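Notes follow once the structure below has been shown.
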Amino acid sequence: MKRDHSFDNYLQSSANNVILTNVAVGGRIACVLECQMRLPDCVAVLHQDQELRCILLRRFFNDWNSYLSNKSVAYFLRKYECSPGWREFNNHCYFLNQTMRTWNEAKVECQRHNAYLVEVESSDENTWVTSTYIKPPDQCPVSWYCSVWSGGMYSTTKQNHVWQNSEAIASYTNWDSDQPSGGGQNCINIWKGGKWDDAFCGAQFEFVCEKP
Ligand SMILES: [Ca+2]
């Protein structure tokens, strides 16, 4: 698949994750169906009527109106879409909040959006969250700044790490070597390569909210 530069004017120059592929298909419905067949990677499409071009998008445009100055281009969100800015994986919607917050602040912030701190219940979900939201350690001033908070926290009553929203014990885990260290580090952050660490809950990280 090659990038179609004829659409460059409609796309953010930095939108390296936007184009999944270009497919020449007949009409808007075929374009949307093409997107549906590529779940969960495709969340929206750009379609141009005149040339019957269809671009599958990996993420939403938050300000998509600015890309539609040419009326022959149409923008469609997928059916059952997540809100703009949120991304879907396996019928859940996710959002990366890039403000640094303590675990508790992050929890409250997710709740304000009728969501909860991400609960990673499978290797697939861990891989998706990591590839979608977690920067490599060399892109942060200090490697552990490239962490995001999850909703996991150690429960003294359950003697285990528990997901805050569902209250389920974390059955799938992906601890980094020598983790969890405990010693007052009770909240689970996810970082380099999707490995988990337990950190002091008062540390400040970006965080991922999830909706059911
Ligand atoms: Ca630790």
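Quick look at the values:
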| read-out | value |
| --- | --- |
| Output for the range 175-200, where each listed residue is in contact (Cβ under 8 Å) with a residue 24 or more places away in the chain, within 22 Å of the chain's Cα centre (by Cα) and open to solvent by less than 50 Å² (accessible area, probe 1.4 Å) | CYS187, ILE188, ASN189, ILE190, TRP191, GLY194, TRP196, ASP197, ASP198, ALA199 |
| Which numbered condition GLN139 fails, given (1) within 27 Å of GLU88 (Cα to Cα); (2) open to solvent by less than 30 Å² (accessible area, probe 1.4 Å); (3) free of Cβ contacts under 8 Å to residues at least 24 places away in the same chain | (2) |
| Close pairs (6 angstrom Cβ cut-off, 6 or more residues apart or separate chains): open to solvent by less than 30 Å² (accessible area, probe 1.4 Å) in the range 159-174, among the polar types (S, T, N, Q) anywhere | VAL162/SER155 |
| From SER171, SER143, SER147, residue being assigned by TED's automatic domain parsing to the domain that holds THR102 and under 18 Å from the mean Cα position of the chain (by Cα) | SER147 |
| Of residues in the range 148-202 being part of a loop (DSSP other than H, G, I, E, B), of a type outside the set (S, T, N, Q) and away from the ligand (no atom under 15 Å from the Cβ), the one farthest from ASN114 (Cα to Cα) | LYS158 |
| Selected residue [within 23 Å of VAL208 (Cα to Cα) and at pLDDT below 55] from SER14, SER83, SER66 | SER14 |
| PHE95 part of a loop (DSSP other than H, G, I, E, B), buried (at least 19 other Cβ atoms within 10 Å of the Cβ) and either touching a strand residue (DSSP E or B) at 6+ places or on another chain (Cβ under 6 Å) or at pLDDT below 55 (or both) | no |
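The values are calculated or read from the model by the stated rules, or taken from the named source; none is laboratory data. Just so it is clear, the model here is predicted, and its values are computed rather than measured. Here Cβ is always computed from backbone atoms with ideal geometry, including for glycine, and neighbour counts include all displayed protein chains. To get the accessible areas, we keep the full protein, side chains included, count just its heavy atoms, and leave off ligands, DNA and RNA. Shrake-Rupley method; radii C 1.70, N 1.55, O 1.52, S 1.80 Å.
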